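The values are calculated or read from the model by the stated rules, or taken from the named source; none is laboratory data. Quantities reported herein were computed from a predicted structural model and do not represent experimental measurements. Cβ placement follows ideal geometry from the backbone for every residue including glycine, while neighbour counts extend to all protein chains displayed. What goes into the accessible areas is simple: the full protein's heavy atoms, side chains included, and nothing from ligands, DNA or RNA. Shrake-Rupley method; radii C 1.70, N 1.55, O 1.52, S 1.80 Å.
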Amino acid sequence: MPRWVLALVALTCVGLQIPGSLPLAGLALGVWLAVLALWDRPGLARMWMPRFWLITILLGLGSGMLLGRRDMLVLGLSVSRAGFEAGALMVVRGAFIFGLAIWASRAVSERDIRRMFGGVGLGALGSAIATALGLLPELERQFHRAWSRLPRRGRWSQIRPMAVELFCETALLAQRMAGPVAAVVVGPPGAGKTTTLLHLVQLLRQRSLVVGGVVQPGVHDADGARVGYTLRDLGTGEERELAHRRETRPARGVGELRSCAERSAQDAPARGMGYEFDPRGWGWARDVVAHARGHADVVVVDELGRLESEGQGHMPALLEPVERGDIPGPVLLLGVRQDRCDAILRRLGVGPLTPRFQLPASEATLDRFVASLARRVENSSLKPDKEATT
Amino acid sequence: MNRAYWAHVTAFGALWGVLEITLGAFLHTLRLPLVGLVMAATSAGLLVGQRQLLPRRGTSLATGVVAALCKSISPGGIILGPMIGIFTEAALVELSLLPWPRSRVGALLAGALCTLWATFQGLVTQYLLFGGKIIELYLAALSRAGRWLHLPAGTGWWALALLVGLVGLVGGLGALAGRRVGLDSADRLGLDPTGGR
């Protein structure tokens, strides 16, 4: 019998329960039990739950003895007819809804649920449920691992650290599912993002992490005004010119120019719009980033701003692996202009749990940020050798 | 609502589902008393803790839907009741945290409502199954028991109030513990404590 027909019968029986009349409720129960007996024998068998039925019948008898005026004698006991009828209705209704619930919980499958949610415009929720079902074994393993790692003595006192561990693992799992794993250094122009990134690179390398990618130090003239940008490959130290101020194109080599890292304190804020960019610079940076993605734990990309928020500049290099489905990939450490940060993170599709290092900040905050970054590297299944060992 | 949001909801919904399927099933198998209360306090803690990481509105409700559907694969007989229970707990947490997703007061309220629901879900279910007569029956039984024990009128109501208070307190403490775990996790993940993401 098609499920939709059974669903229609179920609805009719529910309708018969509404008036609250004992004969109609009894008829509905009879029809439904017959349906189960004919087309869902296992469902009928599952209704055999002695404790439930005993409680239900006792409730029915109890209502006969406790409710209403006692106007009837049963087995020498004076009881109420109205109470007995109410009790009988309770038993009949209970049996019917119980049988209906058994059938419904067996008949509705995961695929139906997804389709049902999709049908009412909640496709994302349906997919979330389907994905969650797939995640259950992994999370269960995580739960058991976290539990077994606790010391046998004083295990209960360790519940909170275990819960924190489980929470962090789950949040990072969500991050990996969502898209690139990133951490950002945020600040207005001239706040020292590149200097901070270079400092972070040092700290990460001290933790034996492989760091690649590009930073984008500013180029300054003799008066300390920023006149352009260079690109620096963090792996090789090689530099390329990327941009110069329109009115002040420098007629000199990159080597003569001083970097932002050396002079961030006196750095004059750049005016964003007044630069001319060399497209070959972007191409070179894309190659450097692509190379770094292949071998580094952390890939740095600096000075993301207006261009990137509009999908240009470094953005194609960052989105390329996402479009290929090659995510999460290495952890991205991004230097981002404050006023464009949300737009850039949205465009990249990074998770809502992305740590931000807001400039200016203290040394202690920096240490915490590095620790969080290192943890993200540890938790992401990025490097082929890590995948092979897990 | 973006992909990252749904990934978060999915992962935490699955975590809740796992807790219900493993820990919940384990405790129910042991037939320990107050298992429902413990599980409800744990669930409240999980949802409140999750909101410390992602305070966006609707997160608890969506997580509840995912967890309830995860529960559908739980081995055993009837799962509709627990599924309704999970979803209702999520809705109660969502309502409590609606004005201030990270506040202590919201967490306390969320926890208390969750455990109260878990304790009285049976009664609500019986009301739905058997109709309004069941409440009359219980009240009549209570009143008769009071007369047999020669208790002064109104004692039952005080006992009920005490029970509600204790149950609510357990839930509130569970939710506050969950809030602490959420804040510690946010700190460990290096998230912005102001929630400005």
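Do the conditions hold for B:Leu109, that is, is it more than 13 Å from chain A (Cβ to nearest Cβ) and at pLDDT 95 or above? Talk me through it step by step, then tell me what you get.
Numbers: more than 13 Å from chain A (Cβ to nearest Cβ): yes; at pLDDT 95 or above: yes.
So B:Leu109 passes the test.
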Test for B:Ala159: is it surrounded by 12 or more Cβ atoms within 10 Å (Cβ to Cβ) and either more than 9 Å from chain A (Cβ to nearest Cβ) or part of a helix (DSSP H, G or I) (or both): yes
Checking A:Asp112 against (1) surrounded by 15 or more Cβ atoms within 10 Å (Cβ to Cβ); (2) modelled with pLDDT under 75, which single condition isn't satisfied? (1)
Residue that is farthest from the chain's Cα centre (by Cα), among those in segment A:165-217 that are open to solvent by 30 Å² or more (accessible area, probe 1.4 Å) and within 14 Å of chain B (Cβ to nearest Cβ): A:Leu203
Within segment A:59-78, track down each residue that is touching a strand residue (DSSP E or B) at 6+ places or on another chain (Cβ under 8 Å) and buried (at least 21 other Cβ atoms within 10 Å of the Cβ). A:Gly64
I need a count of the residues in segment A:338-360 that are open to solvent by 50 Å² or more (accessible area, probe 1.4 Å) and either at pLDDT below 80 or more than 9 Å from every other protein chain (Cβ to nearest Cβ) (or both). 6
Of all residues in segment A:279-297, count the ones that are over 26 Å from the mean Cα position of the chain (by Cα), open to solvent by less than 90 Å² (accessible area, probe 1.4 Å) and without any contact (Cβ under 8 Å) to a residue 24 or more places away in the chain. 1
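Quick one: is A:Arg51 of a type in the set (D, E, K, R) and surrounded by fewer than 15 Cβ atoms within 10 Å (Cβ to Cβ)? Full working, then the answer.
On the way: of a type in the set (D, E, K, R): yes; surrounded by fewer than 15 Cβ atoms within 10 Å (Cβ to Cβ): yes.
Yes: the conditions hold for A:Arg51.
At least 3 residues that are touching a Phe, Trp or Tyr at 6+ places or on another chain (Cβ under 8 Å) and modelled with pLDDT of 85 or more in each: list the helices (runs of 4 or more DSSP H) lying fully within segment A:1-66 that qualify. Walk me through it before giving the result.
Values: elements: A:3-17, A:22-39, A:41-45, A:50-66.
So the answer is A:3-17, A:22-39.
Any chance segment B:162-178 includes a residue that's open to solvent by 30 Å² or more (accessible area, probe 1.4 Å), out of contact with any strand residue (DSSP E or B) (no Cβ under 6 Å at 6 or more places or on another chain) and within 11 Å of chain A (Cβ to nearest Cβ)?
Yes - at least one qualifying residue is present in segment B:162-178.
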Give the residues of segment A:44-59 that are touching a Leu at 6+ places or on another chain (Cβ under 9 Å) and within 12 Å of A:Ala95 (Cα to Cα), sorted by residue number. A:Leu44, A:Met47, A:Thr56
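Sort through B:Arg179, B:Arg147 and tell me the only one that's charged (D, E, K, R) and touching a residue at least 12 places away in the same chain (Cβ under 8 Å). Before you say what the answer is, go through the steps one by one.
On the way: B:Arg147 fails: touching a residue at least 12 places away in the same chain (Cβ under 8 Å).
Answer to the check: B:Arg179.
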Return the residues of segment A:178-211 that are more than 17 Å from A:Val336 (Cα to Cα) and either small (Gly, Ala, Ser) or free of Cβ contacts under 8 Å to residues at least 40 places away in the same chain (or both); say none if nothing qualifies. A:Ala178, A:Gly179, A:Gln202, A:Arg205, A:Gln206, A:Ser208
Flagged in segment B:29-45 as crowded, with 24+ Cβ neighbours inside 10 Å and touching a Ser or Thr at 6+ places or on another chain (Cβ under 6 Å), in numbering order, are B:Ala40, B:Ala41
